Every structure is written in C-alpha cells, then in structure tokens.
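As structure tokens, the structure follows; a few thoughts come after it.
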Amino acid sequence: LKPVDYDAMSVTPLATVLRQGLFRQDDLWIATIRISGVRSDQAINDWLALHPDVKDSHVEIKQATQHLLAEYRISTFERFLGIIMVLIVIILLLSRSVTKAFWILLPVSIGMLTGVAMPLLTGIAINVFHLLALLLVLGMGLDYSLFFNRVEDDLLARQQNIHVISISSLTTAAAFSVLAFSSIPVMAAMGQTVASGVFMCFISSWMLSPSTSKNQPGYIK
C-alpha cells in the first residue's frame, strides 16, 4: 500500500492526537514527548545536566505556563490602565466638569477596590482572571453611576430607575456569588471579584447620588 504520510493522517480522526505530538515550524519538524510518573525533580534535572542536547529542548510545562500567565497578567494590567484613562477622558468630556466626573467615578473606584480587596483578604494573589473580572465591574459600575447621577425632575421616574437598577445589581451579584463558591479557581476568582465589586458599585452609587436638585455636583444635563 501507499505509505501513510502526515497529510493523509491529517484528515483522519487521529489528526488531533497527531498534531499534539508532531507539528511543523517553517522547514523544521518538531515532535514532542511527554514525560510522566516523575517522582524526583532533582533526578530528572541531574539526568538533563548529563544530556545537554536534550536539555536544550526540554520544557517544564508548569513553569512555562506560569511564565505565560505572568506576562499576560502584566500586559492585561497595562491595557486595563489604558482603558481606565480613556474612560476618564470620556467622562470628563461628557460631564464637562472635573467635579461631576469625580462624583461619577468615585462609586466605580469604590467597587473596583472592593473587588480587588476580596481575594487579598482570603489570601489569594491577584491573577489575570481577577483583572478580567474587574473589566466587568468597571463597565457595570459606570452604568450604575451614570444612571444615579442623572437627576430626574419626575420623582416617579427616578424611583422606577432605582427599582430597575436595584434588580439588575442584585441579580448580577447573586449569579456571580454562586461562582464565588466554585471549586474551580478560575470561576471562584471571577465570581468573588464581580459579585463584591458590582454590589459595592451599586451601594456606593446609590448612597453618593445627588438629590433631585439640579445644583448637585453630580448632575448631568
């Protein structure tokens, strides 16, 4: 029969398994061999020291993954700061007043600080998933703050707005509270951050919102 080559295997159900252990990079074919059942890291390190040709291509998956996550956390944090700066500029342009922008951003800042504090209080270091969750807190917190800082002349309309925002906030916090108790670290990280952050954004936006007077500093026309 005709010899089976890589292209022939790539259209079979074994293609997924094949690509995990053999792939092509430019003109070089690379094969991966997974080592399992290692009981002593020192023993394998000693063996690698005696075989430098193998050591050059040896990859510690756990260390490589941690390195990638650390780099991604730094890049995510930098982009996160950039997003915050853009939003601050937009709020300043919208409100046309530093004072008004301050009252809009203050509840959001309180909620985000709460979201960061929750994992730290439980002894968990901030990771990339907490930062991604903070983006959700930032977006929803701004929504709450903008709604509460827009004073309505009609008292009934303002009460209806508060009612709708309250339901939105409480259901969001309740849903993510379920994730906060998950045994999966990623789910727990996002659940703790979003639930606590969104709830505090809502409470602080409500408590710091201006009255029905248009002369309040947070009023947006």
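The values are calculated or read from the model by the stated rules, or taken from the named source; none is laboratory data. None of the values given here were measured: they were computed from a predicted structure. Note that each Cβ is placed from the backbone with ideal geometry, even for glycine, and that neighbours are counted across all protein chains shown. Calculation scope for accessible area: heavy atoms of the full protein, side chains included, ligands and nucleic acids excluded. Shrake-Rupley method; radii C 1.70, N 1.55, O 1.52, S 1.80 Å.
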For this session: List every residue pair whose Cβ atoms lie under 8 Å apart, where the two residues are 6 or more positions apart in sequence or sit on different chains, the first residue falls within the stretch 41-70 and is open to solvent by less than 80 Å² (accessible area, probe 1.4 Å), and the second residue, located anywhere, is among the β-branched types (Val, Ile, Thr) and outside any helix (DSSP H, G or I).
Result: 44/35; 44/38
For this session: Within the stretch 96-123, count every residue that is open to solvent by 30 Å² or more (accessible area, probe 1.4 Å) and either in contact with a Cys (Cβ under 7 Å, 6 or more places away or on another chain) or in a helix (DSSP H, G or I) (or both).
Result: 16
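Yes or no, residue by residue, for (1) farther than 30 Å from residue 147 by Cβ; (2) of a type outside the set (Val, Ile, Thr):
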site: 3; (1), (2): yes, yes
site: 7; (1), (2): yes, yes
site: 38; (1), (2): yes, no
site: 98; (1), (2): no, no
For this session: Name, by its number, the condition in (1) at pLDDT 80 or above; (2) surrounded by 20 or more Cβ atoms within 10 Å (Cβ to Cβ); (3) under 16 Å from residue 206 (Cβ atoms); (4) touching a Gly at 6+ places or on another chain (Cβ under 9 Å) that does not hold for residue 142.
Result: (4)
Problem set entry | Selection within the stretch 148-193 - under 17 Å from the mean Cα position of the chain (by Cα) and closer than 25 Å to residue 104 by Cα | 172, 173, 176, 190, 191, 192, 193
